Amino acid sequence: DTMVHYLLGTALFLLIVNLLAWLGARLWLTGPDLTQYDQPVGDHFSRGDQASAEVQAVVASFSGIQAVLKGVPLRQRVRVLRAYMDGLFADRDFAGCVFVPARCDGVSAEWVLAPGSDGRRRTLYIHGGAFTMGSPLSHRTITTRIAAMTGGAVLAVDYRLMPEHRRQAGIDDCR
């Protein structure tokens, strides 16, 4: 009987503590309502503006992914998607940009130089892709623009990707 009262008292105590913690979090940790910022500002989107031809081409190229993957066994999809990404802009003219292969401590990379770039000004570019996709080749559209905008050289790291390598390997390569 004493044990039952003890357990009920403990349960009630824990319930009250959790309720107070929840109430405290609701009152003091909840910030102001910011849902007004969830929508576009101004009338830009209401005029019916169309995306540029370049944006439409990129969206169309990504919509082709389903067709590329059709019939591809699951185990081969990562390899196929990587090749697809590397080939997206293979025919693009990068207007006189120079791509110089580089290697440091066994990690491959490439320097990207736009016309007139000053090689003493440098930007490190680590491409996206969740450590499973992408390469300096697939991101040349971005790195050439960065090089042109900054007037400097861009180093794009070709870090190791999962699942062939552990996630930490890609992080180590970037470091």
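Pick out, in residue order, every one of the chymotrypsin sites (Phe, Trp or Tyr not before Pro) in the range 1-106 that is DSSP loop and has at most 15 other C-beta atoms within 10 Å; say none if there are none.
Loop-located and lightly packed - Phe45.
What whole-number value in Å² describes the accessible area per residue of the range 63-161 for a 1.4 Å probe?
I get 60 Å² per residue for the range 63-161.
Would you mind telling me which residue in Pro101, Pro73, Pro136 has the biggest mean-square fluctuation in a Gaussian network model of the chain, where springs connect alpha carbons within a distance under 10 angstrom?
Taking springs between Cα atoms under 10 Å, the residue moving most is Pro73.
Could you work out the relative contact order of the range 30-175, using alpha carbon pairs under 8 angstrom and six or more residues apart, expressed as a whole percent?
It rounds to 20 percent for the range 30-175.
Using only the alpha carbons of the chain, what is the convex hull's orientation-averaged projected area in square nanometres?
20.4 nm²
Would you please state which residues of the range 80-108 a label at Arg145 would reach in this model, taking the label point 7 Å out along Cα→Cβ and a backbone N cut-off of under 18 Å?
Taking a point 7 Å out along Cα→Cβ of Arg145, the residues of the range 80-108 whose backbone N falls under 18 Å are 85-98.
I want the local charge near Ala60. Using Cβ-Cβ distances under 15 Å, sum +1 for each Lys or Arg and -1 for each Asp or Glu among the other residues.
Within the 15 Å Cβ shell, the charges total -1.
What is the range 84-157 by shape, rounded, prolate or oblate, if you read a ≥ b ≥ c off the alpha carbon gyration tensor as root eigenvalues and call it rounded for a/c under 1.5, prolate for a/b larger than b/c, and oblate otherwise?
Verdict is oblate for the range 84-157.
For Gln66 and Arg175 in one chain, what is 0.36 nm times their gap in residues minus the Cα-Cα distance, to one decimal in nm?
My answer for the length gained is 35.8 nm.
Grab the DSSP H runs of the chain that are 4 residues or longer, score each as -39,500 (n - 2.57), total them, divide by all residues and round the 222 nm result to the nearest 500 deg cm²/dmol.
-12000 deg cm²/dmol
FRET efficiency for Val55 and Arg77, Cβ-Cβ distance as r, R0 = 22 Å, nearest 0.05?
0.25
So how much slack lies between Leu34 and Asn18, counting 0.36 nm per residue of separation and subtracting their Cα-Cα distance, in nm?
3.1 nm
Note down the net charge around Asp172, summing +1 for each Lys or Arg and -1 for each Asp or Glu among other residues with Cβ under 14 Å from its Cβ.
Charge balance near Asp172 sits at +1.
The values are calculated or read from the model by the stated rules, or taken from the named source; none is laboratory data. These numbers come from a predicted model, not from an experiment. Counting neighbours? That spans all protein chains shown, and the Cβs are built from the backbone with ideal geometry, glycine included. Heads up: the accessible areas ignore ligands, DNA and RNA and are worked out on the full protein's heavy atoms, side chains in. Shrake-Rupley method; radii C 1.70, N 1.55, O 1.52, S 1.80 Å.
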